[in-house]
Amino acid sequence: MSGKTLRQFFVEHWGKILGGALGLIVGLCILLFGFWRSLLLFFCIAVGVYLGRLFDRHEGLQGILQRIWPDND
């Protein structure tokens with residue numbers, strides 16, 4: 001398969017490839033760590049992605065803390 005054909009394959013089937021890769025990762029985590037530890041791991045990853053998204057918007061740590069614990073004055 002040439003580079004152009006391989007690239008075209010990935011463009012046409014990126015959802016299936018991504019879904020398969022995520023399924024493989026979830027399955028391996030459950031087999032290696034167990035269900036509850038894997039669930040905790042995915043929760044921590046989700047929190048990290050959320051905080052990283054806020055930092056990408058240049059909100060800063062003070063802005064994030066303000067959203068979590070607003071002043072009630």
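What follows is calculated from the coordinates using simple rules that are stated; it is not laboratory data. What you see is a predicted model, and the numbers here were worked out from it, not measured in a lab. We place every Cβ from the backbone using ideal geometry, glycine too, and count neighbours over all the protein chains shown.
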(message) Compute the angle between helix 3-12 and the longest alpha-carbon principal axis of the chain, please, reported from 0 to 90 degrees and rounded to the nearest 10.
(response) 60 degrees
(request) Could you work out how far helix 35-56 tilts from the main Cα principal axis of the chain, as a 0 to 90 degree angle to the nearest 10? (result) 70 degrees
(request) Please turn the phi angles of segment 17-29 into ³J(HN,Hα) values with the Karplus equation 6.51 cos²θ - 1.76 cosθ + 1.60 (θ = phi - 60°), one per residue in order, whole Hz, x for glycine and proline. (result) 5, 5, x, x, 5, 5, x, 5, 5, 4, x, 5, 4
(message) Using a Förster radius of 30 Å, what is the FRET efficiency between residue 30 and residue 72 based on their Cβ-Cβ separation? Nearest 0.05, please.
(response) 0.10
(request) Mind running the shape call on the chain? Use the C-alpha gyration tensor, a ≥ b ≥ c as the square roots of the eigenvalues: rounded below 1.5 for a/c, prolate if a/b tops b/c, oblate otherwise. (result) oblate
